[in-house]
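S.K.: Pasting a structure here, questions to come.
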Amino acid sequence: MHNFKGVIAYKGTRYYGWQKTGSFPTIEEELEKAATQILNQPVTFQAASRTDRGVHAEGQVINFIAPDYERLQRGIQALLPPDIALISLDKEKDSFHPTLDAKGKEYHYFICNRPYQLPFHRDFSWHVKNPLDLEKMKAALPLLLGERDFSAFSNERIPQEKKRRHLTRLTLVPLEEGRIKIEVEGKSFLYKMVRNLIGTLVYVGCQKISLEELPLIINSGKRALAGVTAPAHGLVLKRVLY
């Protein structure tokens, strides 16, 4: 038996996240069905990030234990739906775990900021019609970097002392056709933390939150004072760092 490490990409539009629900389609369920059919035995997958319903991935990392099988990657891919791709599959050391061994994760969030959005972008970016002040949004980025209590950006009901996280990189990149990309990197993230950060930056951009108010919101630890939770379909898990 071997510990296989894989990198997968998926369009999350029609899935209820990574984790199996028993009632609705998920990424984990599709992978398990394909691998079980190929290997003719139950296969259990683990993932670096349990992405939410509607979130996409370019570099999700998974692992599973299985016997040697010729052309295993090709066999699994042949049974996966077209919106899931098994990009690579390699044998790893027995102790490898995609979550516990991860040193960080990088997410990209896409926003379309103009009156209309091209139809083929609508599944991959949040359409914000009102003009955003990108300079104010850029000025807000350094205020969010570093290690701190991110309670104001968390939907989790856990003790406050467990809500400290370290945000190592936050970059805003203007793209063509009115699109904006925000790159977020950190060691780990609270539930919906990235989407709450994005929603808060959009509130800064449309002047619902001022640059002077933002540090007060961060220090308050109150979720209700920060911005809206950005829609899931604009978020992509870009890569996992090891």
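The values are calculated or read from the model by the stated rules, or taken from the named source; none is laboratory data. Every value quoted in this text rests on a predicted model; they were computed, and no experiment measured them. Cβ placement follows ideal geometry from the backbone for every residue including glycine, while neighbour counts extend to all protein chains displayed.
S.K.: May I ask you to say which residue of Arg157, Arg239, Arg223 is surrounded by 15 or more Cβ atoms within 10 Å (Cβ to Cβ) and more than 25 Å from Tyr10 (Cβ to Cβ)?
M.R.: Numbers: Arg157 fails: surrounded by 15 or more Cβ atoms within 10 Å (Cβ to Cβ); Arg239 fails: more than 25 Å from Tyr10 (Cβ to Cβ).
Just one listed residue meets the conditions, Arg223.
S.K.: Just to be sure, is Ile111 among the hydrophobic types (A, V, I, L, M, F, W, C), modelled with pLDDT of 95 or more and not assigned by TED's automatic domain parsing to the domain that holds Thr171?
M.R.: No: the conditions fail for Ile111.
S.K.: If you go through the stretch 1-35 one residue at a time, how many are surrounded by fewer than 16 Cβ atoms within 10 Å (Cβ to Cβ), without any contact (Cβ under 8 Å) to a residue 60 or more places away in the chain and more than 28 Å from Lys187 (Cα to Cα)?
M.R.: Residues that pass the stated criteria total 5.
S.K.: Taking the stretch 125-145 as the search range and keeping residues that are crowded, with 17+ Cβ neighbours inside 10 Å and of a type in the set (A, V, I, L, M, F, W, C), which one is nearest to the chain's Cα centre (by Cα)?
M.R.: Trp126
S.K.: Right, something else. Would you mention how many residues in the stretch 121-139 are of a type in the set (Asp, Glu) and within 13 Å of Pro174 (Cα to Cα)?
M.R.: Count: 2.
S.K.: Enumerate the pairs (first residue in the stretch 105-127 and touching a residue at least 40 places away in the same chain (Cβ under 8 Å); second residue anywhere and of a type in the set (Ser, Thr, Tyr)) with beta-carbon separation below 6 Å, excluding pairs fewer than 6 apart on the same chain, so at least 6 apart or on different chains.
M.R.: Phe110/Ser125; Ile111/Ser125; Cys112/Ser125; Asp123/Thr13
S.K.: Being small (Gly, Ala, Ser) and without any contact (Cβ under 8 Å) to a residue 40 or more places away in the chain is the requirement here; does Gly186 meet it?
M.R.: no
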